Structure formats: C-alpha cells, structure tokens
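Participant: The structure follows.
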Amino acid sequence: MEHSWTELAPYDSLIKSNEIEPRAYQINIIKSVLSGKNTLVVLPTGLGKTLIAIFAIAKALYDKKKALILAPTRPLSEQHYKSMCSILNIDNSRIALLTGSTPARNRERAVEGSSVIAATPQTIANDIGAGRIRMEDFGVAVFDECHRAAGKYAYTSIANECYEKGVQVIGLTASPGSRKEKVDEIIDTLKVQNIEIRISSDPDVEPYVIGKKISTIFVDKGQEIDMIRSALRPVIDEHLGKLYNYGLSYTNNMDKLPKGRLLEIGKNIDKLQAQGYKFMAMSSYVYALRLIHAYDLASSEGIHPFIAYFEGLISKEKQSRAGKGILSNKNVQEALRIAKEADEKKIEHPKMAAIVNFLENSFSGKSVIIFTQYRATARKLATVLNESGISSKVFVGKKEGITQQHQQKILEEFRAGAFKVLTATSIAEEGLDIPSVDLVIFYEPVPSEIRDIQRKGRAGRMKFGEIVIMVAKGTRDESYLMISRAKERRMRDLVLRIQEKLVSGRYSTSKSALGQKVL
C-alpha cells in the first residue's frame, strides 16, 4: 500500500514534504503521536526520528501553541535547529536556537518572538526556574536521546514542568536500556502513556534499512602484555583475597568479578562504621580497583595506555597512601619496566597492527571512525595509523582540553575528506553531527547496549556500511562482546512487553503510577 503525507492532514501543510519519501512506519508512528499521548519512540539510528518530531511540532503550531525540541549537546541542538529551518513550512525567524552560550536576556526575547525552540536541556531548565519560559504556552516538548531522562539530569525537571502544565512529551531514542529499572525510570520521568518501537526486521521498516556487515577480529595479546599481566596478577589476587576474607567480596578470583560488582564493594566499604576495619578494607579495595583497571588497560587497550595511566597516578600532587604503596610495589614496578621497554621498541597491542592491516587491505581511501574507551588509546592509534601512511586525527572531548571550535574544525576536515580515519572516544557516540562513514571499528566491545547501538549507528546511514569489532583473546573483551549482544536482545524484548502492558492498561512503574493527565 502506497502512503502519502496527506494522510497526516492538516498538519502536512506545515511541512516541506515534497522531497521527503513517505514511509509506512513513519506515518504510522506519527499518527500515534498525533493522538496527543506522551509517547516513547524507539527507532534504530538513521531511520528518521527527527521527522516524527517535526510532525508533532507541526501539530502544536497548528493548535496555536509553541514547540520545544531538546538535545543533550549544543552541536546536536544546532543540528535540530537546521532541520527545523529546512523542513518546517514557516518563516525561519520563528525558530530559535537556545544554548548556554546565548545570554539570558537574549534567550528571553527569543522565546517571546519564536514559535519553535531547539535547545540544550540545562538552558531550558534554568530559564524555567528563572521564569523566562512559560511551559503553558507550549503544546509539545520533544526529548531527543531520552535515555538520559533519569536521576538529576535536566530532562527530569523539564519533564515534571511539562506534566504540571499539560504539555505533550515525545521521547526519542535508539535504545532506552535493557534493565527494567532503567526503562521504568524513563517512563516515569516522561509520564509515558504510549510506546512506538520498531526494529530493523519489522515489515514496515525492513525495506528502508541499509545493510551493514558486522564482523569480529580476534587477536592474541602478545608476549609483552602477557608478561605485564603475570606481574600484576599476584598483587591483585592478594588484595582480592583480603576483601574475600573480610566478607566483602563473594569471590577472590578477578575473572569471576564483574566491574559492577567490584564497584559495589567500594560502596559497601563506605557504609562501614568500624574505622580500623574500614581503613584496612579500603586500602585493599583501592589496590584491587586500580590494579584491575591497569591489568584491563594492558589487556584490551595496549602498552601506551597502560603507561599513561601510571604516569597519571605518579603526577598527582597529593598521592594517597594506597597510591604510593601501589607505585612502590615490586610487581607493579616490574610491570612498568616491561611496558616501558616495549614502548621504546615501539611494540604495541596487536589490535593496532591488525587494524592497520585491515585498513590497508580492505578499506583504502574510505571514511572510517575508530571508537575506543580511552583518549590515550585514541592518540596512540592515530600516531600508529599516520606512521603507516593512513591519514588520521584524534577526536576527544572538551574535558581533554579540546575546545568546541577545534572539534568542529576536525569534523569539517573529516567531512571534506582531508583525512580518512577519525580515532574517537565516546564523545563521538552521540550528540554530534558526525557524517555517516563507510566503516566503524570498535577498538574494544562495550558492555552497554545504548553505547553499542550508538557506535554502530555511525555506519551505513546513507549507504552500505561495515562494522568491525576488535577482541583480544582471553580478556574482558570476550565477555563484553557477549554482554552487549545479549543486552540488545533483552532491550527489545523488554520494551515490547512494556508496550503491550501499556496498551492493556496493566503497566505501572516501580516508582509510581503513570500520570494520566489529559493532554
């Protein structure tokens, strides 16, 4: 059955839809959104969530109300602003962009003279608190990347204000999470009454899904990294053994202790009342926490990130007693000696050589993003690639001293083809207007289904893309690979179950009953 934007009349009159192909799933989701219910839209990356938001905004405008679209970062808010200007059939002077860089008095004037506002959440939260924005003037608020709508994040206070003032809320995300508690919190925060979820295999979506080839490259760690691990392991075992004997850990085997459970040990130690016992437990915990992190850095990231981590510990002006103890430990010193000798010989994690080999043989001249957890890895990898004749630049966050202007300059050069490979930390996973690329490489698997989906979404938006995941054998990489796949399946099943219960009226969150205010 062929579809037409006229199915969404009269709101289609406010959309420049002549050059936009009507897609069945978008029209069906938009019809649901136009019912006026608070709606959570879960849709794979690159399948047009923004257009769904624009039709919700068009309805608000038709009803003589203002509309708000929020995004977690300034670049993403700017991207939404440009989309509104391009697609909404209204004078662009009625569309405003509000971020923290806009003076408060200018923001107040912009709100008064605008019908549509694209903004960052903290800016709007501040303006609501100061009385510069009256949410009762708005018909809809769109929360992009709404999986952030939890805890003390600014989305929470804005959503509360929307509920109090009867403003329809639309949440957009590629993944709300795989834990019921997490999804509950999003639903409770946004007062969701309806869920629209599509996956790539759904009949109305599948024709528009651009193919992606996903493959995994397994590498051995290498002799030097095995030696580093062997030096560190006895110290880790010693201090995990103490935590086990104290009754604070259910295991003394690092391989059976997930990172989340390790962090829980620290929280439990904080609650202890006996100061002498607490001090001994905390000392062993700090040893275990820092050395397990160093062990995993060497195992999954490489020699340079391992050294950079310890250089960071050494450079701290006020080293803790535990920190000094770690650095003076003979096994730790031996591990550092092995790492520095390897670094001098330009020996690195075999992942880096495998990536160079793959790019030279399979992806010469094409655009690539390599995601990694750590900036030290990103920088080292860019150096290795450039030394191998593969043009590359590093893309890290503002916390690493990179200004937003410098970030934009790098992205502009990347779009223009000035270099082919962007080595990036999590800053590039969401919230930035980064172009679709031919290939995305995971330097390591990530155990978060949200981040996994965000990374994969950078490839194959406009054309066939490829995704490669690097895995070091015998490391946490292997378990993280399985965890991310399992969580993505669990997320889909969970949201589908919640959707069914919402429709039947049998769903309530673990925090409170859903709001049923008439919108």
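The values are calculated or read from the model by the stated rules, or taken from the named source; none is laboratory data. Computed from a prediction, not measured in an experiment: that's the story for all the values here. Because the Cβ atoms are built from the backbone with ideal geometry, glycine has one as well, and the counts that use them run over all protein chains shown.
Participant: Just one of Ile95, Ile117, Ile170 is at pLDDT 95 or above and under 21 Å from Leu496 (Cβ atoms); which is it?
Facilitator: That would be Ile170, the only listed residue that is at pLDDT 95 or above and under 21 Å from Leu496 (Cβ atoms).
Participant: For region 33-57: of the residues being surrounded by 23 or more Cβ atoms within 10 Å (Cβ to Cβ) and among the small types (Gly, Ala, Ser), which is nearest to Ser83 (Cα to Cα)?
Facilitator: Ala53
Participant: Could you figure out which of (1) in a strand (DSSP E or B); (2) at pLDDT below 85 isn't true of Val468?
Facilitator: Just one mismatch for Val468, condition (2).
Participant: Of the residues that make up region 224-241, is at least one modelled with pLDDT of 90 or more and assigned to a loop (DSSP other than H, G, I, E, B)?
Facilitator: no
Participant: If you go through region 317-338 one residue at a time, do you hit one that is in a helix (DSSP H, G or I), within 29 Å of Gly389 (Cβ to Cβ) and more than 32 Å from the chain's Cα centre (by Cα)?
Facilitator: no
Participant: Residues to consider are Gly312, Gly276; find the one that is farther than 29 Å from Glu344 by Cβ and surrounded by fewer than 18 Cβ atoms within 10 Å (Cβ to Cβ).
Facilitator: Just a single option satisfies the conditions, and that option is Gly276.
Participant: If you go through region 90-140, how many residues are of a type in the set (Asp, Glu), within 22 Å of Ile54 (Cβ to Cβ) and without any contact (Cβ under 8 Å) to a residue 40 or more places away in the chain?
Facilitator: Qualifying residue count, region 90-140: 1.
Participant: State all residues of region 184-200 that are touching a Lys or Arg at 6+ places or on another chain (Cβ under 6 Å) and either outside the structural domain of Gly48 (by TED's automatic domain parsing) or part of a strand (DSSP E or B) (or both); if no residue qualifies, say none.
Facilitator: Asn194
Participant: Any chance region 59-73 includes a residue that's touching an Asp or Glu at 6+ places or on another chain (Cβ under 8 Å) and either surrounded by fewer than 17 Cβ atoms within 10 Å (Cβ to Cβ) or part of a helix (DSSP H, G or I) (or both)?
Facilitator: No, region 59-73 contains no residue that is touching an Asp or Glu at 6+ places or on another chain (Cβ under 8 Å) and either surrounded by fewer than 17 Cβ atoms within 10 Å (Cβ to Cβ) or part of a helix (DSSP H, G or I) (or both).
Participant: Read through the list (1) surrounded by 18 or more Cβ atoms within 10 Å (Cβ to Cβ); (2) without any contact (Cβ under 8 Å) to a residue 60 or more places away in the chain; (3) out of contact with any Leu (no Cβ under 7 Å at 6 or more places or on another chain), then give the number of the only condition that His80 fails.
Facilitator: Condition (2) is where His80 drops out.
Participant: Filtering region 116-126 down to residues that are among the polar types (S, T, N, Q) and surrounded by 20 or more Cβ atoms within 10 Å (Cβ to Cβ), which residue is nearest to Ile69 (Cα to Cα)?
Facilitator: Thr120
Participant: Going by the structure shown, is Ala110 closer than 27 Å to Thr403 by Cβ and touching a helix residue (DSSP H, G or I) at 6+ places or on another chain (Cβ under 7 Å)?
Facilitator: So Ala110 does not fit the description; no.
Participant: For Ile269, state whether it is at pLDDT below 95 and not in a helix (DSSP H, G or I).
Facilitator: Criteria not met by Ile269.
Participant: OK, next. Can you tell me which residue within region 479-519, out of those that are of a type in the set (Lys, Arg) and either at pLDDT 75 or above or in a helix (DSSP H, G or I) (or both), is nearest to Asp188 (Cα to Cα)?
Facilitator: Filtering region 479-519 for residues that are of a type in the set (Lys, Arg) and either at pLDDT 75 or above or in a helix (DSSP H, G or I) (or both), the one nearest to Asp188 (Cα to Cα) comes out as Lys501.
Participant: Something else now. Can you pull out the residues in region 358-401 that are in a helix (DSSP H, G or I) and polar (S, T, N, Q)?
Facilitator: Asn361, Ser362, Thr377, Thr383, Asn386
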